[in-house]
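Note sheet for the following structure.
The values are calculated or read from the model by the stated rules, or taken from the named source; none is laboratory data. Everything numeric here is computed off the predicted structure, so don't read it as measured data. Note: ideal-geometry Cβ built from the backbone for every residue, glycine included; neighbour counts use all protein chains shown. When the accessible area is computed, the model is the full protein with side chains, heavy atoms only, and any ligands, DNA or RNA have been set aside. Shrake-Rupley method; radii C 1.70, N 1.55, O 1.52, S 1.80 Å.
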Amino acid sequence: MKKFNIRKVLDGLTAASSSSSSSPSATQTGAQNDPVPEVLQSDHFQLCKTVRHGFPYQPSSMAFDPVQKVLAVGTQSGALRLFGRAGVECYCQHESGAAVIQLQFLINEGALVSALADDSIHLWNLRQKIPAVLHSLKFNRERITYCHLPFQSKWLYIGTERGNIHIVNVESFTLSGYVIMWNKAIELSTKTHPGPVVHISDNPMDEGKLLIGFECGVVVLWDLKCKKADCRYTYDEAIHSVAWHHEGKQFVCSHSDGTLTTWNIRAQTKPQIITPHGKQPKDGKKPEPCKPILKVEYKTTRAGDPFMVLSGGLSYDTVGRRACLTVMHGKSTAVLEMDFPIVDFLTLCETPYPNDFQEPYAVLVLLEKDLVLIDLGQIGYPIFENPYPLTIHESPVTCCEYFVDCPAELIPALYSVGSRQKRQGFSKKEWPISGGNWGQGTQSYPEVIITGHADGSIKFWDASALMLQVLYKLKTAKVFERARRSEEKAGSEIVDEDPFAIQTLSWCPESRMLCVAGVSAHIIVYRFSKQEVTTDTVQLLEVRMQSEFSEGDSPDPAGDQTPTLPTPSSPQEVEPPPQTPNSDGPRDNIPCLQVRSSPLKQSPGFQVELVVQLLWVSGEPPQPITSLAVNSSYGLVVLGNSSGLAVVDFLQKTLLLNMGTSELCSPADPPLRQPRSPRKTRQISTAASDSMDGSNTSEDRCKSPTSGSTSPCNSDDERKHRFIEKVKSKSRRFSKTVANDFARMSRKISSSGEQKSDLEANASFTRSRSSSVSSIDRESREVISSFCFCESFPKKGEGSLGPCLLLGTSQGSVIMVALSLPPTGESRLQQPVGIASCGSLVTLKGGILTMALLDSSGSLLPPPSEQWYDPNGSEEEREKRRRRPASPTSPVEGQDSQFLVLCSEKQAKVLALPSQTRVHKHSITESSFVLRADVVTVGGGNCIACFCANGHIMTLSLPSLRPPADVNYLPLTDMRIARTFCFSHLGQALYLTSPTEIQRITYSQDTCEHRQEMLSELFTPVETPEAPNRGFFKGLFGGGAQSLDREDLFGETGAGKASRSLAQHIPGPGGMEGMKGAASGVVGDLARARIALDERGQKLGELEDRTAAMMASADSFSKHAHDMMLKYKDKKWYQL
């Protein structure tokens, strides 16, 4: 019997309702042409997170498994990030979101214990690809301050703020009745509370002795069997950490005054006191106090002096000095400066046994924004080269783009030029965190992520197979002069902090052409070359784009001709008379940045082809660039902002068109808006109001699209409403740096606060398609929001295809521009390109976000592009690859052969070309608006993927605009996600989930099904190293490690039951997750099981051979012994 699928029935009903809303002309068109078959159904879509890349945001703790070689990092938001070898990463999240205060591995057991700030502990199962919580324990009456899990023990010690110690069985996550109370641990004569427990550890040589450190400076050696304190060690300063010598005869404490005290366990009153960074007075007085030593570790070696590693403890007179890690080895002391404050550090050792020589080989330092691994085995303590993609936030991310299914040779080409950029001086040893195994996924298509940064740098990342590796870094700031401090204050009034920050970019993977727009209203066009060149003079083109209908400048109302460009302007003709910023009067005809005048050495990779700069106009700064597109086949770059449109020919280095948006409409069309005189204070004051709406901190100013956050609200609905209102008051136009600087300028220009409030009251929200959501002038000025190069029909009813440019505006207008290109070759470099506006095609609600073309069969038509050629290569190769691809064949007369797909903030439409009739229409949202939309290929079909401000992700099948999927993905969205969200083909998408992390998701059912196979494995079966040999004399005289039967001591039989009100046990979902993980990786498990069986059979065969050899040897010995007995059987003793 055929299975009934309700979702397909609903899809059919939706398609029927969608088609019924089409216009009558659409019905006639559909009657002439057969309907386009669509394959996308609701079961092609499923939304899930795949992997998270980048540095853990706001780290708080870490732990390391020395046998599995796996690192765990906890954060202040309750996240867990686990790292193995390069490419092995995992992310998981505590439901409560409380900060992770401590992590403890069950060494070589595939489990991890986490302690949270909400006084709960959790047991994570790491033996599955997606770790899950097996058990949780929530303390009700006491605050957790410290945890300790001895090696190969199942009993976890938990210290509390009250000074008590509780013991938990990690197998069942139940409390033991054995409790160490603070009043029994300290002396009876002590009148004050010792404070919270700051340290717990057992004696390396005697498991029955527990060392307890209290914050007040008291350390107690507790006898677990006798349930009493053996010794007490008292010091006047507060304790921060304690470390044992491996022989268990002495320990070291770090204190709040910058001192280290070394205690002998048998001498309670005479510690050895040193101040590593204190000045020693000559008169024998106590050294001056220093900053607290937050942590100390004491590690021994067989062949040399021990290592003592500590953080903090610097002198108070080192004001402004960066955080340091101190390594004391013998008589030498090395102070290693760090770039960021130290959160925690761990000394990596060869053995997991605390009672053996530790043999430290590296120090792992967790900083607030970095992870550093120091090699202790080489002179100078060099650092290891970090293989993880933890440098995403090296400079704040300002824009992000995602490209899937790129040309196969692209990633090797980027890697080859990027490998020459690697720093030198790293340790020659391999990265020691080498646990886990890579996934075995079958999906292997090239993926590239591009990130633009606040310092003007652009990074290309290889994102294939759920991994992330930096390929190449481009520094756009090299093109410009570095202004001096005095000049910056006098002449750089548009942006102070990040003048080179990347605003948006356009990249063609086929031709490797890159076009970048920055916040200083500059555009740089790059070509990719494998050869190094030196450019004597950077090609510069200056463009004066002034606001439409400005004073003294108004469009010519006469004439019936469509706007065309009579004569292209060369860079020399466009260049205005120079003016210095210090001249009297308003600034005019001056760019925001000064292009480099000295020769520019360009390494292999992306090399500058042309720089375009927008100029100041009558004291008003150039408007930020809101949209950008480059086309390698046409040789054109097009840019738009609130002033209008500019088209640049980067082959001839000329400006082809500089025109206002309203002038692009044909005279027969109604004007896009009523002309009005500009009010300069309006634009600036509006930017100021947007700046005031955001954060005013200096950190937020330099992190334009990554520093947004939602304000705390009383309810989820209120947070949603406030977020949507906040996004409506912003757009993707300005970076926050520009907005804040405009705010500073407005304080000088604005005459009163009443004008500003009046402007805000009359503000209207507009939108643009770029990489960030920021402020816009809230008047009715129309802004160009998107571009699309295509081979299409310029005019209605025209039967011939030709090069075209589609423009979308913030008020929903779509304008067609026809391009007339000269023939290829020398003619292309000499004859001008013709441009003619064909008027407005259609108008949608809300700003236009994306536009695309489909052919008559529903296949996506990508923009024309040429194959890459090396601009510095041979002339033959350049001519061979420079040829523009032939235009598609002309369609049959009288029939529509293309579909134009349009998507705005509110709705989507599909038009048939060349008749320009509306075929389908769909209202996406009424209560919210779309933040990002892209036309993508997934599941063998095409669709529009949309991300709305209310957190919904939906898809619209093409060309019918039937919605097969609508998922409420982010119920509480924040501004950062809204600014950086982007879709790509094959069901992939990503966004910046924190200032340091990229979250990748998939909306493809096929990818979700294969997700388990693609994910890496954290746990691999490894034999635990053998315990250290006690030696003959230690075993004979009892000098070795003393074991303890903790089961008898802490079990229910010996200690009784704990109070039920003390903690609540919460079972986790880890069991079911483990079953799912095991079921998903059947192929890999069977393969590993087969290998294990082969190894077992081989070992059994070797054992059988050895057994047979031993039996043969025994028989031979027996035979020889019998012969010897017979030989001497009858002889007397004196005959021997």
Evaluate the relative contact order of region 271-351 (contact order divided by residue number), counting alpha-carbon pairs under 8 angstrom at least 6 apart; express in whole percent. 21
Stick to Cα atoms and the Kirkwood definition of Rh, then tell me Rg/Rh for region 374-423. 1.10
Largest first and in whole Å, what are the equivalent-ellipsoid semi-axes of region 128-180 based on the Cα gyration tensor, each being the root of 5 times an eigenvalue? 21, 13, 11
Work through the residues other than Leu126 whose Cβ is under 11 Å from its Cβ and net out their charges, Lys, Arg +1 and Asp, Glu -1. -1
Taking R0 as 25 Å, what FRET efficiency do you get between Ala1114 and Gln152 from their Cβ-Cβ distance, rounded to the nearest 0.05? 0.10
Computed FRET value (nearest 0.05) for Ser419 with Asp236, which takes r as the C-beta separation and R₀ as 45 Å: 0.20
Fraction of the pair-distance distribution of region 330-416 above 21 Å, Cα-Cα pairs, percent: 53
Separation of the Lys1057 and Glu385 label points, Cα + 7 Å toward Cβ, nm: 6.1
Filter on Lys249/Lys299; Lys530/Lys601; Lys138/Lys184; Lys295/Lys428; Lys429/Lys473 - keep pairs with C-alpha separation over 18 Å: Lys138/Lys184; Lys295/Lys428; Lys429/Lys473
Could you check how many percent of all C-alpha pairs in region 34-140 are farther apart than 18 Å? 52
Rounded to two decimals, the Debye log10 I(q)/I(0) of region 69-113 (Cα scatterers, no solvent) at q = 0.14, 0.22, 0.27, 0.29 Å⁻¹ is -0.33, -0.77, -1.04, -1.12
Rounded to two decimals, the Rg over Rh value of region 246-323 from Cα coordinates and the Kirkwood Rh reads 1.01
Under-5 Å amide H pairs with Glu288, H placed in peptide plane, nonlocal only: Lys279
Counting only protein heavy atoms and rolling a 1.4 Å probe, one gets per residue an accessible area for region 345-482 in Å² of 40
Where does the charge balance sit around Thr275 when Lys and Arg score +1, Asp and Glu -1, over other residues with C-beta under 13 Å from its C-beta? +1
Under a point spin-label approximation (7 Å from Cα along Cα-to-Cβ), what is the Ser96-Lys473 distance to one decimal in nm? 3.9
Dimensionless Rg/Rh of region 168-266 - Kirkwood Rh, Rg from C-alpha atoms: 0.97
So for each of 940-947, 587-594 I average, over its residues, the number of other beta carbons within 10 Å; can you give me the resulting order with the highest mean first? 940-947, 587-594
Ignoring ligands and nucleic acids, what accessible area does Glu385 show with a 1.4 Å probe (Å², nearest 10)? 90
Per-peptide average of other Cβ atoms within 10 Å, ordering 979-989, 181-191 highest first: 979-989, 181-191
Ordered by packing density, taken as the mean number of other Cβ atoms within 10 Å over each peptide's residues, highest first, how do 36-49, 237-250 rank? 237-250, 36-49
Hull-based mean projected area of region 597-655, where the convex hull spans the alpha carbons, in square nanometres: 5.8
Cα-based Rg / Dmax (Å) for region 80-163: 13.2, 43
Charge tally for neighbours of Gly78 with beta carbon under 15 Å away, counting Lys, Arg as +1 and Asp, Glu as -1, is -1
Normalised contact order of region 101-256, rounded percent, pairs of Cα under 8 Å and 6 or more residues apart: 13
Across region 829-880, how large is the tail of the calculated P(r) beyond 12 Å, expressed as a percent of all Cα pairs? 82
Region 196-244, relative contact order in percent, only Cα pairs under 8 angstrom and at least six apart counted: 32
